[in-house]
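The structure under discussion appears below in the form of C-alpha cells.
The values are calculated or read from the model by the stated rules, or taken from the named source; none is laboratory data. What you see is a predicted model, and the numbers here were worked out from it, not measured in a lab. Counting neighbours? That spans all protein chains shown, and the Cβs are built from the backbone with ideal geometry, glycine included. Protein only, heavy atoms only, side chains kept; ligands, DNA and RNA dropped before computing areas. Shrake-Rupley method; radii C 1.70, N 1.55, O 1.52, S 1.80 Å.
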Amino acid sequence: MAEFGFVGASYTAPSIYQNDQECINWRPEIDPTKAQGERGVVSLYPTPGLTLLNTFPNKESVRGLRTISSGGSQLIAVCGAYVYAVSYNFQVSIIGQLLTSTGPVSITDNGLYVYIVDGANRYSWLIDSPDTTNFTGYINGTTLNVVSVQQGNLSVGSQIFGVGVKQGTIITSGSNYIWTVNQSQNTAVESMTCDPPCCIFTGSIATAAGVTTLTVSAVSSGSLSIGTTIIGAGVLTGTVITALGTGSGGTGTYILNPVSQTVSSETMYAHQFTILPSTDGAFTGGGVVDVNDNYFIYTRPNSQQFAVSNLLSPITNGLSYASKFTSPDNLVSLIANNGQLYLLGEKSSEVWNDQGTFPVAYQRIPGTSTQQGIIAPFSVARVGNSFAYVSQNIRGQNQVVLINGYIPQRISTHAVEQSLLDQYTADAIAYTYQLEGHEVYVVSFPTIDITWAYDATTQLWHKWLWVDNNNEYHRHRSNCAAVFQDIVVVGDWENGNLYQLDQSNYTDNNHTVRRLRRAPHLTSDLQRQYFDELQLQFQPGVGIQGFSRDRNTYLGNTYVIGASSSLVIAYQDIDVLADPNQIYTSDVLSKPQAMLRWSSDGGSTWSKEYWQEIGQQGKYTHRAIWRRLGWSRDRIFEVVVSDPIKAVIVSANLKASAGDN
C-alpha cells in the first residue's frame, strides 16, 4: 500500500468502527499539481504556533480585538474590564474601562469612533493617538502618590486607570508627585495610566424645556466632539455631548444628554472614552455591533430589535430602531456584508439594505428571508467574501454554514456535528485568519472545551487544541483575532496574553504542542493482514539544537540520593549530571521523535508506544520506519509528535500482506 489514506482530515463517526480519524494540530495541505495516487497529493503541515507579543497588566481574558480601519495604526483590545490601545511596537495603554469584565465583546469602528458593546452597555472612543502617561503610584484616600513616571506628564483633569483603581477616577488638583483625585479609595503600589482630556475649556450648563445645553466661553486646548464625556467639579457623572448647537469644536453651544442640571461657569474637561448614557437611543445595551455606510448598527439582547446610530456618530436617535419581522424569533446576531445588513435570528434570518430613510435608514429586502438561524451570536466570522456561523432552525441545531448569496450552505461534516451533539454551544466564539493563502475559520466551544478549524482553501476540518501538563487536550488558547502590523494577532482566553500566529514557531508560547494523526481503518473484508513495515516520510533534518525541550533535567554537578529516597528516570527522560550553564544548546544535537501506536480491534484498545527518530538537524536522508507490526483484521495507526520542530508529514508507505484465515 504505497498510499493508504494516512494523511487526511479529522473525522470521527458516531461509531468509531465506521471511522475514527483524528487530525489534531496538523492541517492538511493539497498539492493541486499532482494527480490522485501520487505521493504527497495531501500532506500534513503544523498549525501555527503562538509567539508572545505582550501581556496586558490585568492578566484576564482578552475579550475582543479590532484594528482601527483608518490607517490601521492602532489595535483596540478589551482585556477584562479595560480597553487598551496597542501601538505599533505592541506597547499597551489603557484608554477606557467597561462596566463588565467577562464574556466576549463586539468591537467595530467607522474611522472616527470605536464602538463597543458588551451586552448590558454601549461605549465609544473618539479615535486619536493616545497621549497617555505611564507611571507607578498608589492612592490613599483621595491622595494619589506618584512613585515614578516612566513616560509623559500628569495633569489636572486626567483620568487614572489601573487594575485596582475605581472607574471614573479623575485628578482634580496637585502637582509633581502628590495629586488629589475625585474618589476616595486605597490601592497598592502598581503601574497606572493617566489619560489626559482631549479638551480643556470654560463652560456652563443649563436645562430649559427639557433640553440640557453646554455653553463654552473659552477653550484652553483641544476641541470638543459629539460623543465625548464632560467632567467638571459641578458636572453630573455621565454627561455626554449628543449634538452640536452653535459650536463646532470650540466656543458655542452643545446639546447634552437629557439630564437636568445647572452648572455655573467653571473649568471643564472632555474625555474621548464614553459610557453611552441610558437615554441614548431607544434602549440600553447591545449584543453585537457592526458598521455599514458609516452607521453603527447593534442588536438589543433578547429581543427582535436593532438600532442604527446617527451618521458618523456614536449617538443614536430615539426613533432609529426597527425589528426583524419575517418570523417571530428573537434577533441573535448581525453582520454587515457586501454593503447589506444580515439579521440572524434564533430560527430564521433576513437581509436589509440602506434606503436612506428616516428614522431608520435600513429596509428589508423582499425574498431574502431563510429558515436558518444562529445559535451562538459570536460564532459569526467573515470567510472570503461571505461569512460563516453555527446555525440552528426549528428542526435542529449545530451545523456550521457558509452564506452563499442569501442562502446558508452547510460546510460542517457529520463528524464536527457529532462532537457538538447534545452539548451547550451558544457560547461558541469564532474568528478567521489567513496565512500562506489558507483562510481558516476557527470556532471554539468553551463549554465543550474544543476548537475546530475549517480551511476554506482545502474545505477540510482539523482540530486545533492546546495540551496541558497532563497531556490532556483543551480548546485552543486564542479567543479573538485581528490583523495588525502585517501579522495575525490573537488574544488568550484566560491570562491577558497577546500572541502572533507564527508559522515558524512550533510551540504555544514555549509550551508543548502535541500533534496527533489517527489514520483510517485498514481492513480487507475483515480478513487477517500482516503488517511488515510502516514508513512515514517526515520532512527530514529538522531537529533542533540542544536537548529535547521537555525531556531533560539538570541534576547539578553533585547529586546525592539519600538512603530513604530514590531517583526515577522515566522512559524518554534525559537526566544530566551538570549545571544548566555548563552545557549549551550547541553542544548536543537533539533527535526529535515520533510515537506510533496502533489498535488491532478497530479503535477499542491500543498497543504500547513505539518511538522512532525523525532525524537530527542536517540529516536529510533519515527515514522514520517501524517494522514487525503484527497482524490484525481491523488496524488503525496513530502517530504523535510533540517536539518543537517543523513536523511535516509528506506521505506514508505501508508494507502488508494477507494471511491465512
- Item | Qualifying residue in the stretch 317-329 (condition: within 27 Å of the chain's Cα centre (by Cα) and of a type outside the set (Lys, Arg)) | no
- Query: Only one of these conditions is not met by residue 254: (1) within 21 Å of residue 125 (Cα to Cα); (2) under 30 Å from the mean Cα position of the chain (by Cα); (3) crowded, with 23+ Cβ neighbours inside 10 Å. Which number is it?
  - Reply: (2)
- Restricted to the stretch 338-367, and to residues that are in contact with a Ser or Thr (Cβ under 8 Å, 6 or more places away or on another chain) and β-branched (Val, Ile, Thr), which residue is surrounded by the fewest Cβ atoms within 10 Å (Cβ to Cβ)? 360
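So, in the stretch 504-545, how many residues would count as being within 24 Å of the chain's Cα centre (by Cα) and outside any loop (DSSP other than H, G, I, E, B)? Walk me through it before giving the result.
Of the residues in the stretch 504-545, the ones within 24 Å of the chain's Cα centre (by Cα) are 504-516.
Then drop every residue that is not outside any loop (DSSP other than H, G, I, E, B), which leaves 508, 511, 515-516.
Going through the stretch 504-545 one residue at a time, the tally reaches 4.
Do we find a residue being under 30 Å from residue 165 (Cα atoms), open to solvent by 10 Å² or more (accessible area, probe 1.4 Å), β-branched (Val, Ile, Thr) and within 16 Å of the chain's Cα centre (by Cα) anywhere in the stretch 39-59?
Filtering the stretch 39-59 down to residues under 30 Å from residue 165 (Cα atoms) leaves 52-59.
Next, from what is left, pick out any that are open to solvent by 10 Å² or more (accessible area, probe 1.4 Å): 52-55, 57-59.
Within this subset, residues satisfying the condition of being β-branched (Val, Ile, Thr) are 55.
Still in the running and within 16 Å of the chain's Cα centre (by Cα): 55.
Yes, the stretch 39-59 contains a residue that is under 30 Å from residue 165 (Cα atoms), open to solvent by 10 Å² or more (accessible area, probe 1.4 Å), β-branched (Val, Ile, Thr) and within 16 Å of the chain's Cα centre (by Cα).
Can you tell me how many residues in the stretch 424-444 are charged (D, E, K, R) and assigned to a strand (DSSP E or B)?
To start, the set of residues in the stretch 424-444 that are charged (D, E, K, R) comprises 427, 436, 439.
So of that shortlist, the ones also assigned to a strand (DSSP E or B) come out as 439.
The qualifying residues number 1.
Could you please let me know if residue 112 is buried (at least 21 other Cβ atoms within 10 Å of the Cβ) and either modelled with pLDDT of 95 or more or at negative phi (or both)? Write out each step before concluding.
Values: buried (at least 21 other Cβ atoms within 10 Å of the Cβ): no; either modelled with pLDDT of 95 or more or at negative phi (or both): yes.
Spelling it out, it is not the case that residue 112 is buried (at least 21 other Cβ atoms within 10 Å of the Cβ) and either modelled with pLDDT of 95 or more or at negative phi (or both).
One line per residue, one yes/no per condition, for (1) open to solvent by 50 Å² or more (accessible area, probe 1.4 Å); (2) outside any strand (DSSP E or B):
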{"position": "242", "(1), (2)": "no, no"}
{"position": "249", "(1), (2)": "no, yes"}
{"position": "259", "(1), (2)": "yes, yes"}
{"position": "268", "(1), (2)": "no, no"}
{"position": "274", "(1), (2)": "no, no"}
{"position": "281", "(1), (2)": "no, yes"}
{"position": "284", "(1), (2)": "yes, yes"}
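So, of the residues in the stretch 504-531 that are of a type in the set (D, E, K, R) and either at pLDDT 95 or above or crowded, with 16+ Cβ neighbours inside 10 Å (or both), which turns out to be farthest from residue 75 (Cα to Cα)? Show your work before the answer.
The initial filter retains those residues of the stretch 504-531 that are of a type in the set (D, E, K, R), namely 508, 514-515, 517-518, 525, 528.
Right, trim to either at pLDDT 95 or above or crowded, with 16+ Cβ neighbours inside 10 Å (or both) and you get 508, 514-515, 517-518.
Working: 508: 22, 514: 31, 515: 31, 517: 36, 518: 39 Å.
It comes out as 518.
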- Query: residue 360: touching a residue at least 40 places away in the same chain (Cβ under 8 Å) and aliphatic (A, V, I, L, M), yes or no?
  - Reply: yes
- Could you figure out which of (1) open to solvent by 20 Å² or more (accessible area, probe 1.4 Å); (2) assigned to a strand (DSSP E or B); (3) of a type in the set (S, T, N, Q); (4) over 24 Å from residue 381 (Cα atoms) isn't true of residue 36? (2)
- Task: Identify the single condition in (1) surrounded by fewer than 18 Cβ atoms within 10 Å (Cβ to Cβ); (2) over 27 Å from residue 258 (Cβ atoms) that residue 335 does not satisfy, given that it satisfies every other one.
- Result: (1)
- How many residues are of a type in the set (Val, Ile, Thr), open to solvent by 40 Å² or more (accessible area, probe 1.4 Å) and in a strand (DSSP E or B) if we restrict to the stretch 144-159? 2
- Residue that is nearest to residue 496 (Cα to Cα) [pool: residues in the stretch 16-27 that are surrounded by fewer than 21 Cβ atoms within 10 Å (Cβ to Cβ) and of a type outside the set (S, T, N, Q)]: 24
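Look at residue 432 and say whether it is within 21 Å of the chain's Cα centre (by Cα) and crowded, with 18+ Cβ neighbours inside 10 Å.
Details: within 21 Å of the chain's Cα centre (by Cα): yes; crowded, with 18+ Cβ neighbours inside 10 Å: yes.
So residue 432 fits the description; yes.
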- Look through the stretch 184-211, keep the residues that are surrounded by fewer than 21 Cβ atoms within 10 Å (Cβ to Cβ) and β-branched (Val, Ile, Thr), and return whichever of them is farthest from the chain's Cα centre (by Cα). 207
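Name the residue, out of 103, 164, 72, that is surrounded by fewer than 18 Cβ atoms within 10 Å (Cβ to Cβ), at pLDDT below 95 and on the phi > 0 side of the Ramachandran plot. Full working, then the answer.
Numbers: 103 fails: at pLDDT below 95; 164 fails: on the phi > 0 side of the Ramachandran plot.
Checking each option against the conditions leaves just 72.
How many residues, within the stretch 16-32, are closer than 26 Å to residue 658 by Cβ and part of a loop (DSSP other than H, G, I, E, B)?
From the stretch 16-32, those closer than 26 Å to residue 658 by Cβ are 16-21; that's our starting set.
From the residues that got through so far, the ones that are part of a loop (DSSP other than H, G, I, E, B) too are 16-19.
Residues in the stretch 16-32 being closer than 26 Å to residue 658 by Cβ and part of a loop (DSSP other than H, G, I, E, B): 4 in total.
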- Message: Given the criteria within 30 Å of residue 291 (Cα to Cα) and touching a residue at least 12 places away in the same chain (Cβ under 8 Å), does residue 111 qualify?
- Response: yes
- Hits in the stretch 271-298 (condition: touching a Gly at 6+ places or on another chain (Cβ under 7 Å), more than 11 Å from residue 316 (Cα to Cα) and of a type in the set (Gly, Ala, Ser)): 285, 287
